[in-house]
Amino acid sequence: MLEGLSDEHAVLWLSTVMYAVTAGIALLRTVFRTRWVQAGAYILLWLAFGVQLAGLSIRGKIVGGCPLGNPFEITQFLVWSGVFLFLVTFPFVRLNLLGALVGASAAILSAVSLSVPSWDYEAQARLFGGNPWIELHAALAMFSYGMLGILALMSSMFLVQQYALKRKVNFPIASILPSVRELDILGSRLLIAGMSLMTLALGVGFLFWFQNADAISPTKLITTSIIWLAYIAVGVLRLRAQLAAKRFAQSTVLLFACIILSIGPISGDPISEQTEKDMSSVEVTH
């Protein structure tokens with residue numbers, strides 16, 4: 001277990017605080033609708049993203065590869081990828097409350113990962129054995145999880161809005177939410193994008209697994225496959241109009257909760273030194 005506050009932990013704590021401040025500013029923009037507040041929140045979110053990237057880069061140099069070797073690193077990378085996807089999507093999807101939720105979620109998940117020392121254990125060997133293909137697989141998977149996390153936030157907004165409309169409850173937050181139709185359309189598009197990334201990640205992973213079946217634990221393989229199939233099923237049912245908008249939103253929130261809960265099992269055990277040698281000599285072909 002890593003002891004004390006290392007350089008990357010200090011940097012990541014700084015980004016966590018910046019995410020929390022960003023969430024507060026974005027919420028003010030939603031309530032008071034002041035343009036300069038929106039610009040300030042967007043700039044601060046980019047700065048927080050950059051600070052977190054610096055922290056992950058420090059950790060990457062320490063572990064000698066993509067920092068995805070334990071639940072702490074996976075959570076941090078998941079937060080970073082989700083914020084990145086929101087930042088590049090924001091100019092086209094101006095959902096101000098979503099920005100506040102992204103900042104708040106990033107701050108909470110990051111703070112939790114930094115506050116649980118048992119999540120940050122030291123691997124005995126390099127996680128990916130120096131194999132760039134399996135690193136690509138892991139990075140794509142995290143980006144797909146980040147996109148599906150944003151989808152879960154939008155689905156939560158949809159459920160709140162629909163509940164307020166159906167029960168005629170005057171929630172203060174409901175008045176600043178986008179329409180249920182807009183949230184439903186954007187949610188369907190995000191699911192397609194997220195599933196495309198996840199499918200690509202699994203495709204790269206399976207190319208590696210076929211030649212190195214012993215290098216991937218059955219738990220990780222089964223868990224990720226079940227989550228992928230569940231998302232596929234939800235997407236197909238929604239596209240065929242066999243899944244109502246409310247059930248679709250509930251399903252995406254539940255499935256992302258499953259992703260969060262699966263972080264521990266899919267982080268797996270470090271790859272042994274012998275497997276690492278075998279992996280480094282493998283060339284994965286298309």
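All of the numbers you see were taken from the coordinates with simple rules; none came from a lab. These figures come from a predicted structure and were not determined experimentally. Virtual Cβ from ideal backbone geometry, glycine too; neighbours counted across all protein chains shown.
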Completion exercise
Zone reached by a paramagnetic label modelled 7 Å from Leu165 Cα along Cα→Cβ, restricted to the range 238-260 with backbone N below 19 Å, covers 238-239, 241-253
Problem - Additional length obtainable on full extension of the chain from Leu53 to Leu261, 0.36 nm per residue less Cα span - result: 72.5 nm
